[in-house]
Ligand code: HDE
């Protein structure tokens, strides 16, 4: 928000001169009328039809009945998983033709943009749950290509909890709120989840990811995305290779710290949805590169795991990512329900040039999405809903059904026919989708391949590839979650698994729980875990891009705050392409040293420092006496420090830092003149001060 301007008129200011003063918003000449769903103009939308002004409402009132009945049916079943989602429109543009690996049309022409719709989600919570529980994030992209819709329905973690789709209802039932009591909402920290996990060694790799900082992202704009399964790319000549999909945000990835996640969940349950919406609104369009790891058929045997196993990843250090193009999200939805809620993604929506693998988890997904959408969206015609409809022409002989919105013409709805008109759609043997002809043989059996049996090596790989603070966070998360599990045997079984992953981790978690390691259950691994080469690319902190781009600074000002300093800070953040929000004790604004009343974005009570990546405090001596006694102000600073943020402060604000118990360090910077501002910005670019963490928290 701009400084040095009068605060905007409050929204309760005088009504627009076009509207009469009473509550009725009667249309003026030229304005459209409210009508019923049949188009009948409505004369009064505020009062129902009664027998006498104080008398009973009449059944005859079809306008009242239509309005209320429609309202009664406004909700549809929420998604059984990924119910809470945020969407955006945008486009994808390839860097160069990828014809050497795939014939997919949308990956060929660098001049051609393909429209996309993206939905990010949490997994466990309901549609109205908070944005920042510890959870996996869904990352679904619908590409409206000229060859039909292609859906890449991924997550922000590259592996999954289970190896076979038949276990999906179990893992989801275990993580969702417990059926008898209806809680906890959107949380894995409860007995049924850890009961299932402790009996499912294949989930250990994913557990390392789910307990890592990846599960509490700073912003949806900063999450990585993964296709998880192995897919195929197929060239026009029919040459097939395996691929793993990756999305990389161009502004880098970052997470919040757990204590922040807890506080944000209360202060702004829509933290991620709002952040995405506001960034797009201010023109700070989120971007991701799409890349693939390409695995030649001949390389498959060289890998030390089975490519069909969705609990495994290929370190980038072994097979690098080839970037194919960029996605930009540049338009917010017009309507949350019509688009974000009704969008239907499905892993079986593919285009020529892309194919599936025999990953048993993927094969189960190919069934589930259409099936769930048939009931969620009320019948077989949901592909006609605008957000789901292909942008290319589509036509076949499927007919009728609930919610048919089209009027198919002609008497023939079958094939073959000698009476159908020449313009009727026909098969397309040349450009139509063809399944890769793969030879498949085998006995019918219900069995897991032995090549899927190594459950610990990659869990260990992930843990040992983390930086020290990230390892501490994993241990803290495990201790937090297991402390919520009242069944001691479950904790002891989990400690047993942790021992197979890393003995140091096992010890730290046991200590944090205050439980003797001697009671940990010994879990005999099916395959002895191996020490793999570390993969530094798995660490978020390790590849922190050191930028303020796309980040948000909070500047707390009081009456009498130095106007020049404020302007200098705002200009400096703008140069860094960071957003800035102002906070003052009261929402009416603050009068800075030059006598200008500056409008602010938040009152102190509604703008806690957890909303920001870095903060500055500009106070006057006069304001300081009151502020240092104000719990909200003290907590604002204490939290910023505790959450390891870089803090800039004017000399007059120093007493507040003292009261908040801030021990000055390299991340607390006195804003004296241009030099001070420069030092503050340079330091803030580096992100959180991880070296501060051990001085503040031993665990948690
Ligand atoms: Fe899903 N998943 N899933 N899933 N999934 C759904 O489909 C399912 C899995 C993912 O924004 C549902 O339309 C099964 C892995 C995302 O609308 C449902 C299995 C990955 C979304 C379903 C999996 C995902 C869903 C619920 C195990 C990462 C949200 C509503 C075999 C690659 C899509 C719906 C959106 C949604 C089934 C496992 C990602 C029930 C059976 C692995 C991002 O059909």
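Worth pointing out:
- Residues (over 23 Å from residue 435 (Cβ atoms) and not in a loop (DSSP other than H, G, I, E, B)) located in segment 358-395: 372, 374, 375, 376, 382, 384
- Residues of segment 544-571 satisfying the condition of being in contact (Cβ under 8 Å) with a residue 12 or more places away in the chain and out of contact with any strand residue (DSSP E or B) (no Cβ under 9 Å at 6 or more places or on another chain): 544, 545, 546, 547, 549, 564, 567, 568
- Qualifying residue in segment 350-357 (condition: within 13 Å of the ligand (Cβ to nearest atom), modelled with pLDDT of 95 or more and in a loop (DSSP other than H, G, I, E, B)): yes
- Helices (runs of 4 or more DSSP H) contained entirely in segment 593-700, each with at least 3 residues that are at pLDDT 95 or above: 631-642, 654-659, 673-685
- In segment 221-239, the residues that are assigned by TED's automatic domain parsing to the domain that holds residue 285 reach residues that are near the ligand (Cβ under 9 Å from one of its atoms) and part of a helix (DSSP H, G or I) with C-beta atoms within less than 9 angstrom, at least six apart or across chains, in these pairs: 228/361; 228/362; 229/361; 229/362; 229/365; 230/362; 231/362.
- The set of residues in segment 577-608 that are surrounded by 17 or more Cβ atoms within 10 Å (Cβ to Cβ) and out of contact with any strand residue (DSSP E or B) (no Cβ under 8 Å at 6 or more places or on another chain) contains only 608.
- Restricting attention to segment 111-142 and to residues that are over 18 Å from the mean Cα position of the chain (by Cα) and free of Cβ contacts under 8 Å to residues at least 60 places away in the same chain, the residue that is nearest to residue 479 (Cα to Cα) turns out to be 114.
- Qualifying residue in segment 288-305 (condition: crowded, with 17+ Cβ neighbours inside 10 Å, within 16 Å of the ligand (Cβ to nearest atom), over 21 Å from the mean Cα position of the chain (by Cα) and under 30 Å from residue 451 (Cβ atoms)): yes
- Among the residues examined, residue 159 qualifies as within 14 Å of the ligand (Cβ to nearest atom) and closer than 24 Å to residue 291 by Cα.
- Applying the criterion of being closer than 20 Å to residue 132 by Cα and under 23 Å from the mean Cα position of the chain (by Cα) to the residues of segment 162-185, the residue that is nearest to the ligand (Cβ to nearest atom) is 172.
- Any chance residue 343 is assigned by TED's automatic domain parsing to the domain that holds residue 272, at pLDDT 95 or above and away from the ligand (no atom under 14 Å from the Cβ): no
- Restricting segment 407-421 to residues that are exposed (fewer than 12 other Cβ atoms within 10 Å of the Cβ) and either in contact (Cβ under 8 Å) with a residue 40 or more places away in the chain or closer than 23 Å to residue 381 by Cα (or both), the residue that is farthest from the chain's Cα centre (by Cα): 411
- Test: residue in segment 62-72 that is within 16 Å of the ligand (Cβ to nearest atom) and over 14 Å from residue 127 (Cα atoms): no
The values are calculated or read from the model by the stated rules, or taken from the named source; none is laboratory data. No experiment lies behind these values; they were computed from the predicted model shown. Because the Cβ atoms are built from the backbone with ideal geometry, glycine has one as well, and the counts that use them run over all protein chains shown.
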